[in-house]
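These notes concern the structure reproduced below.
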Amino acid sequence: FFSVVPDMAAVSEIVHMPAHVVWDLCGFLPFRDILRLSSTNKPLRRALTSRQADVALWKSCVVREVGRLCDSRGLLAPPVELSKWNVSTYRRLFEVLYKCGDMLGNWRWDVPVRGGLLVVSLDEDDGPVGSLVADLVIPNRCSTQMVQNVTGLHSATLFEVYFSDTECTTDAAGVTIGEDGKLMLVGGEAVAALCRWCDDTPVVASRSRDTSHQVMCEYMQSMSHSDLKFKRLSDYEGDARAYGAQKSSEVKDFDCRSLLGMYEGVFGPHGLEVIHIATDSAGRFLGMKVTGDPNVPAGELCFRTTGEFQVADPSCNCQYGCGCWQPEHDPNRGWDLVGMFKIQAQTAMHGFQSPQWNPGRLLVCQRKQRKPVDCYMSKDAFELDRFLILVWDGLFSTRLAPLQL
């Protein structure tokens, strides 16, 4: 901005512009340039910090910043009314979002094998939004004589960022987002408590799978580090605005983008795991393991689509565990088989040895269910409930349900 203001004469012309023109021009500037402009002289400071500017300028900046944060992350836009926040001006709200908003969203814990999910969201439980809450979801392991599986997910608050009209503080020793886009948490009581919880989790030696036990021991050792690193999980590759509704030529009235998000499913003896379904710039849908197992660890692809959405093939040829579509025996009545993707599903030996891609299918099942009673009279009284069936042809299949935290 200041490259086009070569001398004080041009600044003088800006000072004499109507306030609404100055607000419109500043709406295109980065936050730091607006602050620098407001410190140029008293007239500009009054124009950019007045109550009228708070609504005319800073509220539009908040809407722009919220759109930037939510774009490509699969997030619902937070409310922009001041009554919903623990701040008194839109300028302060914009400052909070500018400083802390990049933490919002889902992050994958960058540790070997089992991994974890960090969910950073706005705390709206007790009235106005006054903080960002980071909840870490990690596998709850249970050891047996043969294998160490996951019986559920353990969730705990890792840190919080509090903000008000005067300051932004956090209960962690240090939270930063590096140039590589990774979120790093350095030291602090929260990290120490997490490491203690991990160290208290028993690891029983496998009598028949020494490789699996060795991998799990390395995983436990990696979690004792004082610094935690997380990689952002994005539903889209690049700018989400570049993606239109993905329609199928065979299946009408179904937007494949509705499949994006977090899912959970049971993967044989390894137990419960979390899968993140995203799409790349080529339009393929990718299922990446957020929490993994000794065969296919966290951070590796579980499946990738190889064609467009088509009419489903519900046939079953599973040799091992089966979660295929059997409506006549399914306890959940009223489900419809919408369609499927042909996919390549990944398998590997213990320690991610000899990975290979196998043909498979990703089937989509959904039904309409009634919303709560208070929405009964609304025209949108029904909502869609959905689960997916992931099939390794000739091997096994499992069901993926939307992750509920």
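Please treat every number below as a calculation from the coordinates, not as lab data. Bear in mind that the values here come from a model prediction, so they are computed numbers and not experimental data. For neighbour counting, all protein chains shown are included, and Cβ atoms are generated from backbone atoms with ideal geometry for every residue, glycine included.
What separates the Cα centres of segment 247-289 and segment 20-54 is a distance of 44 Å. In this structure the amide hydrogen of residue 285, modeled in the peptide plane, comes within under 5 Å of the amide hydrogens of 305, none closer than 5 places in sequence on its chain. Panel values: segment 10-60, Kirkwood radius from alpha carbon pairs, Stokes-Einstein at 25 °C and 0.890 mPa s, translational diffusion coefficient 229 µm²/s. Once the C-beta distance of residue 45 and residue 83 is scaled by a Förster radius of 30 Å, the resulting FRET efficiency is 0.65 to the nearest 0.05. The convex hull built on the alpha-carbon positions of segment 275-321 has an orientation-averaged projected area of 4.6 nm². Amide H contacts of residue 170: 162, each under 5 Å away and 5 or more positions distant or on a separate chain (H built 1.01 Å from N in the peptide plane; Pro and chain starts excluded). Less than 5 angstrom separates the built amide H of residue 271 from those of 150, all sequence-distant by 5 or more or on a different chain. Here the 3J(HN,Hα) profile of segment 55-61, calculated from phi with Karplus coefficients 6.51, -1.76 and 1.60 at θ = phi - 60°, is 8, 6, 9, 6, 5, 5, 5 Hz, Gly and Pro shown as x.
Straight-line reach from residue 368: which lysines have a Cα under 18 Å away, not including same-chain ones fewer than 8 places off? Qualifying lysines at Cα under 18 Å: 252, 379.
Per-peptide packing, taken as the mean over residues of other Cβ atoms within 10 Å, places 269-275, 164-170 in the sequence 269-275, 164-170 from highest down. Going 7 Å from the Cα of residue 347 in the Cα-to-Cβ direction, what parts of segment 281-311 have a backbone nitrogen less than 15 Å from that spot? Residues 295-296, 302-303 qualify, since their backbone N sits under 15 Å from the label point.
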